[in-house]
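Quick notes on the structure that follows.
The values are calculated or read from the model by the stated rules, or taken from the named source; none is laboratory data. All figures in this text were calculated on a predicted structure; none of them were measured in a lab. Here Cβ is always computed from backbone atoms with ideal geometry, including for glycine, and neighbour counts include all displayed protein chains.
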Amino acid sequence: MLAGLQDVTFEFGARTIVKDATWHIQPNERIGLIGYNGTGKSTLLKVLVGEYLPSSGSVERSRETTIGYLHQDLLSFDTNESILQVALGAFERILLLEKQIEELGNRLEKEHENETLVQEYADKLHELDTLGGYNIHHQTEEVLQGLGFANADVQRPYKEFSGGWRMRVLLAKMILQQPDLLLLDEPTNHLDLPSIEWLEKYLMHYKGAVVIVSHDKYFLNRMVTKIVELYQQQLHFYNGNFDFYETEKELRLEMQQRAFENQQEYIRQQERFIERFRAKATKAAQAQSAIKRLDKLERIEDVSVDRPEIKINFQVDKIPGKIICTLKNVTKKFGDIKIVENTGAEINRGDKIALIGANGKGKSTLLRIVAGTESFEGERIWGHNVEESFYAQHQLEALNVQQALLEEMKNAGSQKTEQELRTLLGCFLFSGDDVDKKIRVLSGGEKARVALAKTIVSKANFLILDEPTNHLDLLSIDLLIEALNRYQGSIILVSHDRHFISKTANRIWEIDNYEIKDFAGGYEEWMEWKARKASQAANTAKQAIAIKPEPKPVEAKKEAVAPPPKNNGPIDKELKKEIQKCQKQMQQLEDKINTLLTQKTNLAIQLASPEIYSDKNKFLEVENNYKKAEQQLTGANKEYETIFEKLMELEEKAG
């Protein structure tokens, strides 16, 4: 066991988070820690790492166990160091060794005969080599690039980056430390889709154990093999991914409900017996026995759900025309940075479009262009009877901070009753007296949920949604999915939640090479199409190699090497031998270059294969072989050119 809880009870003020909880985390486990917002998942992680002490019970950790803990509080860290230096901080021992080796090297320049110093210097170099110290810069840059940083970014100061990008740097550092146990609190919150996919692949092959708190079902399904649910102050364990948990939980609740009903019937029978016979002398003993049996009976609890099933209902005032919005010859730049160029697309009535891609590609900018709140070159043609409602982070500024939540919702003009508005706010995690809070006292996440609720309650027939699932828990996301599927209007949205996209979108837009690429189908179909395209490209490359094994560059050089011109005069024997030697070397190098080119092309095809890049170790092995082949090819070409020039000189001498 790496770490765990034994009969732990923890109270946060007057509120109990867990009661008599036992949980043992074993090596190599992949665990998803789930529960409604506010149940205490993040608090439980802090108990595990020792930041909070339990009221009773014990937190157990092996003395040798190293723990990495990624959480939102880390954002308070600040420094002028580059992000590369911050991430390299993962290699404390190696960095210390590098410093010691440098100091010893300086001393050896003056004390080069000091054998003790020479031995210490050699020992440090050996330890550095054993720890892989010569590879840490490449390794660190690789992880940072996987999490979305460009090569030019790695030398920029950490303090220049926003909170989301800072969290990526700290995640990179934690991954590089390779602790025995990784505790990740909402790691996908600040990642775009390519970075989430990279993190998935990395963690699938991570050698330690991983515990993840996440509201991303898709991520949990692909990542974890065990679910721990914090529910009604208890930990409930499910040996499977999130889909398994949902199915199994439903079965457990059904069985519990049946057992509860059967026990209640038994209790009623016993109570009737007791009531009927306790006054009769002949049956008094049996009645007393029945009372004792009921007193000792371990009662099964009724199945109760913390939050009832609620439906979010949309209302649409007007039916729009067939075309919602047309973009023509759209170009958008920020200074020298191009977002889109001379591109266009059309949104039709009933379309539910997911706009996806890496951060920095301009997804939110394109949403603003569609909404008419961003300047651009080109045309945006609005359809007939279109009434839009735009949800984005900047919409928080439009909230009246002096009003209570319920009043703000009443002023949204939906004509819904107070009870309907309370129910809707419940879907967005506001219950009871929460609805009477002033908006000014809410956190950023809570304000975002109010702004989203206002968007939902409008009677618009076209919704523009920028990251609507941020700050929602799993149940709220599911309720929003159901609502959007029932919604009769049109939608364009940006989200990094693949489960949300796959359940809502019927079209995919991707910004690729500054153009809007439109795919008529859902997310799963789009992924299959992308995989087919990659496979076809790989097959085409393989066929090209089979058809034309001798690359053109080498053929061109072969043509340049003409046989020595006939000369009737005598040729020096040594010169003739030298010419023949050069010709033989060139032939050998041509064969070598052909082999290396074929090898390099095959390795490039392997790198593009999903089977390879989903296996981290295999990918690294193939990548290293590719780089080695590339270096050997460069060296062989240089050697070829040198010998070619020498041959030309020799042939000139020979006439």
Residues satisfying the stated conditions in segment 125-164, i.e. outside any helix (DSSP H, G or I), surrounded by fewer than 14 Cβ atoms within 10 Å (Cβ to Cβ) and either of a type in the set (S, T, N, Q) or in contact with a helix residue (DSSP H, G or I) (Cβ under 6 Å, 6 or more places away or on another chain) (or both)
Q155, S162
Checking V211 against (1) crowded, with 17+ Cβ neighbours inside 10 Å; (2) at pLDDT below 90: exactly one of these is not met. Which one?
(2)
Hey, does segment 428-445 have a residue that's within 25 Å of G350 (Cα to Cα) and outside any loop (DSSP other than H, G, I, E, B)?
no
Could you list, in sequence order, the residues of segment 367-393 that are closer than 22 Å to H471 by Cβ, aliphatic (A, V, I, L, M) and outside any loop (DSSP other than H, G, I, E, B)?
L367, A371
Pairing a residue in segment 368-396 that is within 15 Å of I456 (Cβ to Cβ) with any residue that is polar (S, T, N, Q) and not in a helix (DSSP H, G or I), where Cβ atoms lie under 7 Å and the two sit 6 or more apart in sequence or on different chains, gives E387/N461; S389/S458
Count, please, the residues in segment 1-44 that happen to be at positive phi, among the polar types (S, T, N, Q) and surrounded by 19 or more Cβ atoms within 10 Å (Cβ to Cβ).
0
What are the residues in segment 621-655 that are modelled with pLDDT of 75 or more, of a type in the set (V, I, T) and closer than 30 Å to Q139 by Cα, if any?
T634
Collect the residues in segment 411-420 that are within 17 Å of K447 (Cβ to Cβ) and at pLDDT 80 or above, keeping them in residue-number order.
N411
Would it be correct to say that L480 is touching a residue at least 60 places away in the same chain (Cβ under 8 Å) and more than 22 Å from W526 (Cβ to Cβ)?
no
Mind listing whichever residues of segment 336-386 are under 22 Å from N506 (Cβ atoms) and of a type in the set (D, E)?
E346, D351
Has segment 58-77 got any residue that is small (G, A, S) and at positive phi?
no
T343 fails exactly one of the following numbered conditions: (1) over 23 Å from I501 (Cβ atoms); (2) touching a Phe, Trp or Tyr at 6+ places or on another chain (Cβ under 8 Å); (3) among the polar types (S, T, N, Q). What is the number of that condition?
(1)
So which of V59, V86 ends up being surrounded by 16 or more Cβ atoms within 10 Å (Cβ to Cβ), under 29 Å from I25 (Cα atoms), in the same structural domain as S214 (by TED's automatic domain parsing) and touching a residue at least 40 places away in the same chain (Cβ under 8 Å)?
V59
Take segment 324-343 and flag every residue that is buried (at least 16 other Cβ atoms within 10 Å of the Cβ) and either at positive phi or not hydroxyl-bearing (S, T, Y) (or both).
I324, C325, L327, V330, K332, I339, V340
Only residues that are in contact (Cβ under 8 Å) with a residue 40 or more places away in the chain, assigned to a helix (DSSP H, G or I) and surrounded by fewer than 22 Cβ atoms within 10 Å (Cβ to Cβ): list them for segment 344-366, please.
S364
Looking only at segment 397-411, filter to residues that are out of contact with any Asp or Glu (no Cβ under 8 Å at 6 or more places or on another chain) and surrounded by 19 or more Cβ atoms within 10 Å (Cβ to Cβ); which one of those is farthest from V457 (Cα to Cα)?
E408
From the residues in segment 35-49 that are of a type in the set (S, T, N, Q) and part of a helix (DSSP H, G or I), which one is farthest from K217 (Cα to Cα)?
T43
Considering each of L220, L199, L230 in turn, give the residue that is hydrophobic (A, V, I, L, M, F, W, C), at negative phi and either over 28 Å from the mean Cα position of the chain (by Cα) or not in a helix (DSSP H, G or I) (or both).
L230
Residue, farthest from E388 (Cα to Cα), within segment 318-329, restricted to residues that are in contact (Cβ under 8 Å) with a residue 60 or more places away in the chain and in a strand (DSSP E or B):
L327
Residue identified as polar (S, T, N, Q) and part of a helix (DSSP H, G or I) among T423, T469:
T423
Would you confirm, using the coordinates I've provided, whether H190 is without any contact (Cβ under 8 Å) to a residue 12 or more places away in the chain and either over 13 Å from the mean Cα position of the chain (by Cα) or part of a loop (DSSP other than H, G, I, E, B) (or both)?
no
